[in-house]
Every structure is written in structure tokens, then in C-alpha cells.
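Structure record follows, encoded as C-alpha cells.
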Amino acid sequence: MDKIFAKPFIGNLSGHTDGISCMSKSPISLTNYISGSFDGEVRFWDLSTRKTIFAVDAHPKVVKGLVFSNDGHYFLSCGMDNKVKMFSV
């Protein structure tokens with residue numbers, strides 16, 4: 001019964017207007033995080049404060065993938081529009 005009533009929910013990252021389709025964590029920082037949604041928006045988060053650092057309308061439709069570069073200074077997004085875009089952090 002303890003597992004049924006456990007509260008594993010720690011917090012939420014509110015800000016996207018549609019559902020999140022993909023996400024990625026920075027390889028150099030524990031607090032840098034990006035998420036992409038079904039409406040094409042990509043948000044860069046600071047997990048320690050749970051705040052959006054910046055948001056960009058990266059694609060006209062669904063964001064299908066996100067990945068950080070090895071040095072953590074850039075990230076790539078790909079979408080249903082068959083385009084890959086690179087952004088600087």
C-alpha cells in the first residue's frame with residue numbers, strides 16, 4: 001500500500017503549450033536541459049530553478065529529436081519538416 005500512495009512526482013516544467021515529444025540533458029551540466037514539443041517549440045531549461053532560459057519556434061510541426069554537442073555549447077533539433085537546425089546555448 002505504501003507504493004500505491006507514494007508521491008514520486010517532484011515537480012513540473014510548465015511552459016509548453018502542447019505535449020513534449022523529446023528531451024535531452026547537457027553532457028557538461030546537471031541543470032541544463034532542452035525539450036521539444038508537438039507544436040515545434042524548443043525550450044532550454046535551468047532545472048535548478050525550473051525556469052525557461054529561452055524558447056524558440058524551431059520547426060512548424062513536431063520536434064522529433066534533440067541532442068547536445070559534446071562540449072555542451074550547441075544543440076541540434078530535427079523535426080517533421082525534414083530539417084536539422086543548430087542552436088547556440
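Looking at the range 36-79, which of the residues that are of a type in the set (F, W, Y) and not in a loop (DSSP other than H, G, I, E, B) is nearest to L13 (Cα to Cα)?
Per the criteria, the residue is W45.
Restricting the search to the range 70-80, which residues are surrounded by 14 or more Cβ atoms within 10 Å (Cβ to Cβ) and either within 19 Å of H16 (Cα to Cα) or without any contact (Cβ under 8 Å) to a residue 40 or more places away in the chain (or both)?
Result: F75, L76, S77, C78, G79, M80.
State which residue pairs qualify: first residue under 18 Å from V67 (Cα atoms) and in contact (Cβ under 8 Å) with a residue 24 or more places away in the chain and inside the range 11-32, second residue β-branched (V, I, T) and surrounded by fewer than 16 Cβ atoms within 10 Å (Cβ to Cβ) in any location, beta carbons under 6 Å apart, and separation of 6 or more residues or different chains.
Correct list of pairs: S24/V67.
Check the range 5-23 and report whether any residue there is surrounded by 11 or more Cβ atoms within 10 Å (Cβ to Cβ), assigned to a strand (DSSP E or B), modelled with pLDDT of 95 or more and small (G, A, S).
No, the range 5-23 has no match at all.
Of all residues in the range 40-61, how many are more than 13 Å from the chain's Cα centre (by Cα) and either in contact (Cβ under 8 Å) with a residue 60 or more places away in the chain or surrounded by fewer than 19 Cβ atoms within 10 Å (Cβ to Cβ) (or both)?
Filtering the range 40-61 for residues more than 13 Å from the chain's Cα centre (by Cα) gives 48-49, 59-61.
Applying the additional criterion that residues be either in contact (Cβ under 8 Å) with a residue 60 or more places away in the chain or surrounded by fewer than 19 Cβ atoms within 10 Å (Cβ to Cβ) (or both) yields 48-49, 60-61.
Total satisfying the criteria: 4.
Of all residues in the range 23-39, how many are over 12 Å from the mean Cα position of the chain (by Cα) and of a type in the set (K, R)?
0
The values are calculated or read from the model by the stated rules, or taken from the named source; none is laboratory data. What you see is a predicted model, and the numbers here were worked out from it, not measured in a lab. Don't worry about glycine lacking a Cβ; one is built from the backbone with ideal geometry, like all the others, and counts go over all protein chains shown.
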